[in-house]
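Right, one structure below, let's go through it.
The values are calculated or read from the model by the stated rules, or taken from the named source; none is laboratory data. Just so it is clear, the model here is predicted, and its values are computed rather than measured. Glycine gets a Cβ as well: all are built from the backbone with ideal geometry, and neighbour counts include every protein chain shown.
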Amino acid sequence: MRTAAELNYKEKGIISEIDFSHPSSKRIMEHGFTPGQTIELICKSTFNDPIAISIRGTLIAIRKSEAGCIKLK
Amino acid sequence: MRIAADLKVPLITLVGPPNSGKTTLFNLLSGKNYKTVNYPGSTVEYYTSRILSKYNIKAELVDSPGIVSLIPESIDEKVAVDSLYSHPKLGTPDLVITTIDSCQLSRHLLLPKQLISAGFNIIIVLTMTDILAKRGLKISESKLSKALDCDVVVLNGRSKQGIEELIQATNSNLERIGVTDKKNIVPYNSLENRKDLIDTFKEIEEIVNDVFENVREDEKIYLNSANRELKILQDGTTNNGFTPDEITLKIDRVLLHRFWGFLFFLIVMGITFTSIFWIAQPLMNLVDELFTNLNTLVLENFEPGWFTFLVSDGIISGTGSVLVFVPQILILFLILGLLEDSGYLARGAMLIDKPLSKIGLNGKSFVPMLSGFACAIPAMIAARTIPNRKERLFTIFIIPLMSCSARLPVYALLIAYLIPKDSAWLGGILLGGIYLLSTISSIVVAWIINKFSKRIFSTESSSSFILELPSYKIPKISAVINHTYNSSKQYILRAGPMILGFSLVLWFLTFFPNINPQVETRVLLPGKFRISNVPKDWNTHSHLI
């Protein structure tokens, strides 16, 4: 299964689930990353990490290790 | 027993996510012009005020730091939530006014939802509806109000439209509630778990789908086409997927570009430091000269004795040593304020996160470290936004290694001593080298501590970097200047007496053991009047501090 960390530049995806075992999962959900939402990778930082994801009309910068718990359909 | 209750004055607290226009509302209601902050989580001080008398509400108004959720994660969030539940001085709010960015309704509704389930009385203020209108949409206040069972007011921060409605709503709410000391508030730790969060968001999505209306049916709406596109992707599921601000996305294509973005970042940092040192220098010299002249004036016109030396070397030089840093602090706060208000600071933190994480720090360490070049103390305080304990402590350890502005006069003195007068450019390179060395040494130290950190911090929660990148906007100059003024005033008032005090103690210690002070003191202050090409120094012993 793919995760948000594996999105390519300008690629969209729909969240299927959030990995609850990840320590940052609560924080990630509080920022609006919940199942069913469409996300888009807007840009990557110079060192490919963190990445900026568009969610619910805003941009969120997030580390790849944390984006990895956002599972996509 | 809180004071406000004794006086039967209700307490109203403003709560809202970062960048939701909360501080703007506070300024409108209180008449005080504080800064609107753009870097998430940077409202730290609690601003409290009575509501302007023209609005005819007797209530205590408190502005709280921006929070995303009622369940805290980092220390500053915990402080914010704890004080919302029960402020040490003000108590529990009778009414909570919560601001919501209309363009981010589906994200920002989480907080009001949690506030309602916790049992707070709330009024929702919808901000930035003008931006939403540009996208051809509006929010039905009545529908939202019905769905959440609380008052909803639309407010335009710039034109102040909607403030009357908010006042009316506040009045009617306060009448309904009545001021009591007994409030049934559910503690946040029993609020919800991760599964509940998904359900809350599901409820929010249902509400959001219901409340949006087109401004005009026949109007051409570019968002609709975007939505249609998304709907195909979403396979029939409902869509509230707004796209982020178009202009922001365009700017970010350059400023967060893998190559140009980092180059721009380095340039911005370069300009920041250049202006701190090169623009501030003449101003600092001016302050310096002023106090040196004052000092000389006292020494020339009064009989030499301990009291004259106390006034000249102790008080005048001590005051000078406080005020000489003001130009640098002014410039740093001004630049930081501009970067923060424009929305760039969060991007800077994102760009630098990866390199910093290699040495055990966090992208969020960036702003505190940058402030460390001006003054270490406010920089250390700023480190509290870092959620991970290890990274927070690291940042605090590293900050003193950043060459703060107080050390600059010492460097200037040494450089003037070492470099011949006719090659001043060499001094510039040397100064640059000192700063580079201080940065490198702090990196090395951080790296070394990081290597041994496993022994110091055995069980530590994982590192995290999730940061909202706010839409770009043109900074409000007046607000930035106001904030710069207030911060500098705080520096003079808080650090000033301390520096002056220590300066006097040091003067006392260097002066009094001597039998013949006129001669001996001068020898004790090394090099003060001996080196010919040294600029007139105002106070060497202050740098011992």
Checklist entry - If you go through the range A:20-73 one residue at a time, how many are more than 7 Å from chain B (Cβ to nearest Cβ) and touching a His at 6+ places or on another chain (Cβ under 6 Å)? => result 1
Item to check | The lone exception for B:Lys354 - which of (1) within 13 Å of chain A (Cβ to nearest Cβ); (2) touching a residue at least 60 places away in the same chain (Cβ under 8 Å) it fails | outcome: (2)
Next on the checklist: Let me spell it out: the conditions are (1) under 30 Å from B:Ile381 (Cβ atoms); (2) surrounded by 15 or more Cβ atoms within 10 Å (Cβ to Cβ), and B:Trp278 meets all of them except one. Which number is the exception?
Outcome noted: (2)
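Is it true that B:Leu109 is more than 30 Å from B:Ser365 (Cα to Cα), of a type in the set (A, V, I, L, M) and within 14 Å of chain A (Cβ to nearest Cβ)? Show your work before the answer.
Working: more than 30 Å from B:Ser365 (Cα to Cα): no; of a type in the set (A, V, I, L, M): yes; within 14 Å of chain A (Cβ to nearest Cβ): yes.
For B:Leu109, the condition - more than 30 Å from B:Ser365 (Cα to Cα), of a type in the set (A, V, I, L, M) and within 14 Å of chain A (Cβ to nearest Cβ) - is not met.
Here is a yes/no grid of residues against (1) farther than 26 Å from A:Ser24 by Cα; (2) modelled with pLDDT under 85:
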| residue | (1), (2) |
| --- | --- |
| B:Leu70 | no, no |
| B:Ile124 | yes, no |
| B:Lys134 | yes, yes |
| B:Ser142 | yes, no |
Item to check | Looking only at the range B:381-435, and only at residues there that are within 14 Å of another protein chain (Cβ to nearest Cβ) and surrounded by 19 or more Cβ atoms within 10 Å (Cβ to Cβ), the one that is modelled with the highest pLDDT | outcome: B:Glu391
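Answer yes or no as to whether A:Glu66 is of a type outside the set (A, V, I, L, M) and crowded, with 22+ Cβ neighbours inside 10 Å. Steps first, answer last, please.
Values: of a type outside the set (A, V, I, L, M): yes; crowded, with 22+ Cβ neighbours inside 10 Å: yes.
It is true that A:Glu66 is of a type outside the set (A, V, I, L, M) and crowded, with 22+ Cβ neighbours inside 10 Å.
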Checklist outcome for this item: Within the range B:321-351, restricting to residues that are farther than 16 Å from B:Leu255 by Cα and of a type in the set (Gly, Ala, Ser), the one that is farthest from the other protein chains (Cβ to nearest Cβ) is B:Ser321
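Could you please find all residues in the range B:354-366 being under 23 Å from B:Ala80 (Cβ atoms) and either surrounded by fewer than 24 Cβ atoms within 10 Å (Cβ to Cβ) or among the small types (Gly, Ala, Ser) (or both)?
At the first step, the residues of the range B:354-366 found to be under 23 Å from B:Ala80 (Cβ atoms) are B:362-366.
Once the filter is applied, which keeps residues that are under 23 Å from B:Ala80 (Cβ atoms) and either surrounded by fewer than 24 Cβ atoms within 10 Å (Cβ to Cβ) or among the small types (Gly, Ala, Ser) (or both), the range B:354-366 yields B:Gly363, B:Ser365, B:Phe366.
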Checklist outcome for this item: B:Leu90 fails exactly one of (1) among the hydrophobic types (A, V, I, L, M, F, W, C); (2) out of contact with any Gly (no Cβ under 8 Å at 6 or more places or on another chain); (3) buried (at least 23 other Cβ atoms within 10 Å of the Cβ), namely (3)
